[in-house]
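> First, the structure itself, so that you have it in front of you.
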Amino acid sequence: MGAVRATDQERSVGHGEVILDVENLVKHFPLRRGIAQSLRGGPELAVKAVDGVSFNVKKGELFGVVGESGCGKTTMGRTILRLLEPTAGRVTFEDIEVTALSAEQLKQLRTRMQIIFQDPYESMNPRLDVHRIIAEPLRIQGMVSNSKDAIPYIEKALEDVEMTPPEEYLYRYPHELSGGQRQRIAVARALVLDPEFIVADEPVSMLDVSIRGEILNLMLNLSRERGVTFLYITHDLATARHICDRIAVMYLGKMVEKGPTDNLVKHPLHPYTRALIGAVFVPDPKRKGFGKVLKGEVPSPVDPPSGCRLHPRCPIAQDICKEVEPELVPADDNHMVACHFALG
Amino acid sequence: MAILEVRDLKMYYKTLRGHVKAVDSVSFDIERGKALGIAGESGCGKTSMAVTVLRLLPSNGKIHGGSVKLDGIDIVKLDDEEFRKSVRWKKISMVFQGAMNALNPVHRVGDQIVEAILAHEDVPHQEAATRAEELLDMVGINPKRYKEYPHEFSGGMKQRVVIAMALACNPDVIIADEPTTALDVMVQSQVLKAMEDLRKRLDLSMMLITHDLSVIAQTCDNIAIMYAGKIVEYGNVIDVFDNPTHPYGMGLVKSFPNIKAERTRVRSLPGFPPNLLAPPKGCRFHPRCPLAGDICMEEEPELIEIGSNSHKVACHKVDMLERGVNIWEQ
Ligand SMILES: Nc1ncnc2c1ncn2[C@@H]1O[C@H](COP(=O)(O)OP(=O)(O)OP(=O)(O)O)[C@@H](O)[C@H]1O
Ligand SMILES: Nc1ncnc2c1ncn2[C@@H]1O[C@H](COP(=O)(O)OP(=O)(O)O)[C@@H](O)[C@H]1O
Ligand code: SF4
Ligand code: SF4
Ligand SMILES: [Mg+2]
Ligand SMILES: [Mg+2]
C-alpha cells in the first residue's frame, strides 16, 4: 500500500519560518432582515462564522483545523485567501499583507496560494476534460497563450499527483475517473501554478475510506518532499491526527485549543477537545461503549453564549465562564488553550 | 435461532447496457436481538441488498433467485398483497439513506409520524397521535415538540424522528442505511446510543449499513463486508477486526484510521471498484489483489468457514492468508 510514515519524517515544528500569519480574523455574514424588522430598528444581526481567530503556519507544515460542521472552518479558509472579504483582521503571507491587496495584486498572489474544495463533483465542470480542467488556472493567470503551451505544465501536475502516464488521463472527462482520481485532479489543478501554500477544505470527506489514504499520502508527500504548506480543514480528527504536524480545534467561530498533533490528541486540555476526541468511534470492537459527549447542541452563531462560548454545555463551567471570555494562552511548548480552568 | 436468514439472494437492475448485478448471491443470518453491520465501498450494493429484503425495488430491479426467511417463512415467495399487509413495516422496517432530509418541511413533525402509522395500520387518529408522542419520547425527543416543523429540529433530532417513524408499527427487524453518516461525531454518538438503548428495550434485531467501520465495531455483533455485489468476509466483529482475512477485508480494516491507536501510516487500497455491468471474471477483487493468481481470474471463490465461530471468507488463497501473511505491506 502506498504509505508514508508521518512519524518518520516528522520535523520539529515551532521553530520553522512562518509563512502565514493570521491575526484576529473576523468574518460575519449580515442576516437579511424583513422590512418590518428594519423599521423597528434594533441591533444588526449577523452570523458570526469566524469571530477573532489568530494563528500562524510554518513553512512546509501540515496544519490541521478541526471542528464540527458550522464552526467556521470553510469560512476561515476562504477568508484567508480572500475568496471572502474579511469583516476585520489581518492575514499576512510571507511579507505580503493579503488583507491590504488590490484585486489585481490578489490575482498575482493566486499563483502562490491555492485551494482544494470540499466537493470534487461540485468544483469540477463535468463538460471539461482533465486537460482543460487543469489548464484553467494557467489560462486565468495568462501564463499560457494556447492550450498546446499548457501541456508541459499539465503533464507535470499529473505526474505530481501520481497519475502516470499523463497521456492516459489528459482527455478523460470527470465521469470517466474514479472518486480518488477525480480528487487527484482537483489537487493537480491546485498544483499546476506551483503554489507554496494550499488550503485543503475537506479534500477527502466525499471519498470512500479505502481511497482517502491515497489523497492524504499525496498531501503528506507534497509537504515533505516539495515543502508545500497545507492548511488541512476537516471534521475528522482521526485523519488529521495521522498527517498533521499541528492541529487547531474550533468551536463556534473561535479557536479553543491548538498544539502539536500527538500532544493535543493524547493530552487534550480543553473540555471541548476532550469531548470531541471521546466521541470519535474507533475501529476496535473491544473498546465498545460510548464516550461521554457534551449535553445539548451547538448554539446558533448568530447569538453565541456570553463569556466562554462552551459554558452552557461545559461539564466544569463556573460562574466566571458566563462573564469572561477566556483567551488562548500557552499551556506548554507550543500547546495553547482557551479555558479558565484547563490549566488546573 | 436466526430471525432473518438470507440465502443466495440475487437482485439485478436491468439497464440499456445490460444487467447491473448489484446483489449477487448473498447469504447471511441475523440472530434475534443482534445487530449485523454491512460494510463496503460506495456502489458495492449495500442499499440494493436492503431494499431487496424489503421488496421495495425500482421498476428495473428484479429478484433473480434466492430466499429470505423471516422466522422461518420465505418472504420472497409471498405475494405482494400479503407482503405489504403482514411484513413490510410490521415485521421489517427501514430507515432510508438520507431520509432525514426527506421530511416534509411544511408538515408538523408529529403529524408526519401519525401519517406513517395510519399508512400501515387501521387505527383511530387519536390513538395514532398518542402513539406518535410515545415514539418521540422513545427516541429521546420531548413529546411537547410534536407540533414543531422539521426546520426547528437539528440534524440529530431529525434523524431520531426518522427512526421513530420506522418503529411506528413495532417491527422485529430494523434496517438502518447510513443513519449517522451526515452527522457530526458528537451527534452521531448520541443517535447511536439512543438506537442501542431502543434495541435492548424492544429486543430489536438490526441491520446497520455504513461505510464507517468504527461504527460497526462499536455497535454491532457481526459484520459482513461486501465487495461488488458479494459478501467477501463475514463473522463476529471481534474475529473480523482482530483477524481480517480476505485481502479486501484486510485492506479495509487496516486502512481505517484509529485515533486511539499509535500514529502510524495512512494506507489505501490501489485501484477502484469494478463496474457492476461487467464485473471481472472469477474473483471480482482480482484486479486490485496483490495475491491474485490464475485461478482467481477464472473461478469465483465461495464463502467458506475458516476456523470456528462461523468466520467466513471468500478467497482461493485463504490457506495462505490464515497463516497471517500481511499482503498489504510494501
Ligand atoms: N435503479 C437502478 N438502476 C440501475 N442501477 C442501479 C440502480 N440503483 C442502483 N444501481 C447500481 O447498483 C449498484 C449498487 O448500488 P447501491 O445503491 O446498492 O450501493 P451502496 O452500496 O448502497 O452505495 P452507497 O454506499 O454509495 O450508498 C451501483 O453500481 C449502482 O450504480
Ligand atoms: N454565505 C453565507 N451566508 C450566511 N451564513 C453563512 C455563509 N457561509 C457560511 N455561513 C454560516 O457560517 C457558519 C460557519 O459555516 P462554515 O464556515 O461553512 O462552517 P464549516 O466549514 O466549519 O462547516 C455557519 O453557521 C454557516 O451557516
Ligand atoms: S472557560 Fe469555563 S466554560 Fe469554557 S471550557 Fe473552560 S471551564 Fe468550560
Ligand atoms: S480469490 Fe484471488 S483475487 Fe480474490 S481475493 Fe483471493 S487471492 Fe485475491
Ligand atoms: Mg465546511
Ligand atoms: Mg447506499
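The values are calculated or read from the model by the stated rules, or taken from the named source; none is laboratory data. Because the structure is a prediction, the values reported are computed rather than measured. When we count neighbours, we look across all protein chains shown, and the Cβ atoms used for this are built from the backbone with ideal geometry, even at glycine. Surface areas here come from the heavy atoms of the whole protein model, side chains and all, with no ligands, DNA or RNA. Shrake-Rupley method; radii C 1.70, N 1.55, O 1.52, S 1.80 Å.
> Within the range B:165-206, count every residue that is open to solvent by 40 Å² or more (accessible area, probe 1.4 Å) and either of a type in the set (Gly, Ala, Ser) or within 14 Å of chain A (Cβ to nearest Cβ) (or both). Talk me through it step by step, then tell me what you get.
So in the range B:165-206, the residues open to solvent by 40 Å² or more (accessible area, probe 1.4 Å) come out as B:165, B:170, B:172, B:181-182, B:190, B:193, B:197, B:200-203.
From what's left, either of a type in the set (Gly, Ala, Ser) or within 14 Å of chain A (Cβ to nearest Cβ) (or both): B:181-182, B:190, B:193, B:197, B:200.
Total meeting the criteria: 6.
Listed here are the residues, each with its yes/no results for (1) under 16 Å from the mean Cα position of the chain (by Cα); (2) touching a residue at least 60 places away in the same chain (Cβ under 8 Å).
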{"position": "B:TYR12", "(1), (2)": "no, no"}
{"position": "B:THR15", "(1), (2)": "no, yes"}
{"position": "B:HIS19", "(1), (2)": "no, yes"}
{"position": "B:GLU31", "(1), (2)": "yes, yes"}
{"position": "B:LYS34", "(1), (2)": "yes, yes"}
{"position": "B:ILE38", "(1), (2)": "yes, yes"}
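> Then there's this: Among the residues of the range A:131-170, write down those that are under 29 Å from the mean Cα position of the chain (by Cα) and among the acidic types (Asp, Glu).
A:GLU136, A:GLU155, A:GLU159, A:ASP160, A:GLU162
> Return the residue satisfying two criteria in turn: it lies in the range A:268-283 and is without any contact (Cβ under 8 Å) to a residue 12 or more places away in the chain and out of contact with any Lys or Arg (no Cβ under 8 Å at 6 or more places or on another chain), and of such residues it is farthest from ligand 4 (Cβ to nearest atom).
A:ARG274
> With (1) more than 14 Å from chain B (Cβ to nearest Cβ); (2) under 20 Å from the mean Cα position of the chain (by Cα) as the list, and A:GLY213 as the residue in question, which single condition is left unmet?
It fails just one condition, (1).
> Looking only at the range B:310-330, how many residues end up being within 14 Å of chain A (Cβ to nearest Cβ) and exposed (fewer than 13 other Cβ atoms within 10 Å of the Cβ)? It would help to see each step written out before you state the result.
Within the range B:310-330, the subset within 14 Å of chain A (Cβ to nearest Cβ) is B:311, B:326-330.
Then drop every residue that is not exposed (fewer than 13 other Cβ atoms within 10 Å of the Cβ), which leaves B:326, B:329-330.
Of the residues in the range B:310-330, 3 are within 14 Å of chain A (Cβ to nearest Cβ) and exposed (fewer than 13 other Cβ atoms within 10 Å of the Cβ).
> Now a separate question. Kindly evaluate B:LEU78 against the criterion of being over 26 Å from B:ALA132 (Cα atoms) and without any contact (Cβ under 8 Å) to a residue 24 or more places away in the chain.
Numbers: over 26 Å from B:ALA132 (Cα atoms): yes; without any contact (Cβ under 8 Å) to a residue 24 or more places away in the chain: yes.
Judged against the criteria, B:LEU78 is a match.
> To continue, here is another question. Take the residues in the range B:46-72 that are away from chain A (no Cβ under 14 Å), within 12 Å of the chain's Cα centre (by Cα) and within 11 Å of ligand 1 (Cβ to nearest atom), then tell me which one is surrounded by the most Cβ atoms within 10 Å (Cβ to Cβ).
B:MET49
> Enumerate the strands (runs of 3 or more DSSP E) found wholly within the range B:222-319, keeping only those where 1 or more residues are under 28 Å from A:GLN181 (Cα atoms) and modelled with pLDDT of 85 or more. Even if it seems obvious, please write down each step before you answer.
On the way: elements: B:222-227, B:230-236, B:304-306, B:311-313.
Result: B:222-227, B:230-236.
> It is to be established whether one or more residues within the range A:257-268 are surrounded by fewer than 20 Cβ atoms within 10 Å (Cβ to Cβ), away from chain B (no Cβ under 12 Å) and among the acidic types (Asp, Glu).
Checked the range A:257-268: no residue is surrounded by fewer than 20 Cβ atoms within 10 Å (Cβ to Cβ), away from chain B (no Cβ under 12 Å) and among the acidic types (Asp, Glu).
> Looking at the range A:200-219, is at least one residue surrounded by fewer than 24 Cβ atoms within 10 Å (Cβ to Cβ), among the polar types (S, T, N, Q) and more than 16 Å from ligand 2 (Cβ to nearest atom)?
The answer is yes; a qualifying residue exists.
> Hey, could you check the range A:317-335 for residues that are open to solvent by less than 50 Å² (accessible area, probe 1.4 Å) and within 9 Å of ligand 3 (Cβ to nearest atom) and say which is nearest to the other protein chains (Cβ to nearest Cβ)?
Looking at residues that are open to solvent by less than 50 Å² (accessible area, probe 1.4 Å) and within 9 Å of ligand 3 (Cβ to nearest atom), I get A:ALA317.
> I've got another one for you. Can you name the residue in the range B:221-241 that is out of contact with any Cys (no Cβ under 9 Å at 6 or more places or on another chain) and facing chain A (nearest Cβ under 8 Å) and, of all such residues, is most open to solvent (accessible area, probe 1.4 Å)?
B:ILE238
> If you go through the range A:167-197 one residue at a time, how many are assigned to a loop (DSSP other than H, G, I, E, B) and surrounded by fewer than 20 Cβ atoms within 10 Å (Cβ to Cβ)? Break it down stepwise before answering.
If we filter the range A:167-197 for residues that are assigned to a loop (DSSP other than H, G, I, E, B), which is where we start, we get A:171-173, A:177-178, A:192-196.
Subsequent filtering for residues that are surrounded by fewer than 20 Cβ atoms within 10 Å (Cβ to Cβ) retains A:171-173, A:177-178, A:193-196.
The total comes to 9.
> Need at least 2 residues that are more than 14 Å from chain B (Cβ to nearest Cβ), open to solvent by 60 Å² or more (accessible area, probe 1.4 Å) and at pLDDT 90 or above per element, so show me which helices (runs of 4 or more DSSP H) inside the range A:38-157 make the cut, counting only ones lying wholly within it. Even if it seems obvious, please write down each step before you answer.
Details: elements: A:73-80, A:103-109, A:130-140.
Here the list reads A:103-109, A:130-140.
> What about A:GLY289, is it modelled with pLDDT under 95, under 30 Å from B:LYS158 (Cα atoms) and either open to solvent by 10 Å² or more (accessible area, probe 1.4 Å) or within 8 Å of chain B (Cβ to nearest Cβ) (or both)? Step through it out loud before you land on a result.
Working: modelled with pLDDT under 95: yes; under 30 Å from B:LYS158 (Cα atoms): yes; either open to solvent by 10 Å² or more (accessible area, probe 1.4 Å) or within 8 Å of chain B (Cβ to nearest Cβ) (or both): yes.
Answer is yes for this residue.
> Step by step: first the residues of the range A:272-283, then only those that are surrounded by fewer than 24 Cβ atoms within 10 Å (Cβ to Cβ) and more than 7 Å from chain B (Cβ to nearest Cβ), then the one that is farthest from B:THR219 (Cα to Cα). Which residue is that?
Among those that are surrounded by fewer than 24 Cβ atoms within 10 Å (Cβ to Cβ) and more than 7 Å from chain B (Cβ to nearest Cβ), it is A:ARG274.
Listed here are the residues, each with its yes/no results for (1) of a type in the set (Ser, Thr, Tyr); (2) buried (at least 17 other Cβ atoms within 10 Å of the Cβ); (3) within 9 Å of chain B (Cβ to nearest Cβ); (4) within 16 Å of ligand 4 (Cβ to nearest atom).
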position: A:PRO285; (1), (2), (3), (4): no, yes, yes, no
position: A:ASP303; (1), (2), (3), (4): no, no, no, no
position: A:LEU310; (1), (2), (3), (4): no, yes, no, no
position: A:PRO315; (1), (2), (3), (4): no, no, no, no
position: A:VAL337; (1), (2), (3), (4): no, yes, no, no
position: A:ALA342; (1), (2), (3), (4): no, yes, no, no
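> Now for a different question. I'd like to check something: does the range B:43-60 contain any residue that is touching a residue at least 40 places away in the same chain (Cβ under 8 Å) and in a strand (DSSP E or B)?
no
> Would you be able to tell me the number of residues in the range A:221-247 that are of a type in the set (A, V, I, L, M, F, W, C) and within 7 Å of chain B (Cβ to nearest Cβ)? Write out each step before concluding.
The first filter runs over the range A:221-247 and keeps only residues of a type in the set (A, V, I, L, M, F, W, C), leaving A:222, A:228, A:230-231, A:233, A:237-238, A:240, A:243-244, A:247.
Of the ones still in play, those that are also within 7 Å of chain B (Cβ to nearest Cβ) are A:237-238, A:243.
The total comes to 3.
> Restricting attention to the range B:269-276, does a residue exist that is surrounded by fewer than 20 Cβ atoms within 10 Å (Cβ to Cβ) and either within 16 Å of ligand 2 (Cβ to nearest atom) or farther than 19 Å from B:GLY43 by Cα (or both)?
No, every residue in the range B:269-276 fails to be surrounded by fewer than 20 Cβ atoms within 10 Å (Cβ to Cβ) and either within 16 Å of ligand 2 (Cβ to nearest atom) or farther than 19 Å from B:GLY43 by Cα (or both).
> Something else about it: So which of B:GLU262, B:GLU299 ends up being away from chain A (no Cβ under 13 Å) and acidic (Asp, Glu)?
Values: B:GLU262 fails: away from chain A (no Cβ under 13 Å).
On inspection, the qualifying residue turns out to be B:GLU299.
> Do we have any residue at all in the range B:84-95 that's surrounded by fewer than 19 Cβ atoms within 10 Å (Cβ to Cβ) and under 19 Å from B:VAL215 (Cβ atoms)? If you could, list the steps in order and put the result at the bottom.
First pass over the range B:84-95, keeping only residues surrounded by fewer than 19 Cβ atoms within 10 Å (Cβ to Cβ): B:84-86, B:90.
Then drop every residue that is not under 19 Å from B:VAL215 (Cβ atoms), which leaves none.
There is no residue in the range B:84-95 that is surrounded by fewer than 19 Cβ atoms within 10 Å (Cβ to Cβ) and under 19 Å from B:VAL215 (Cβ atoms).
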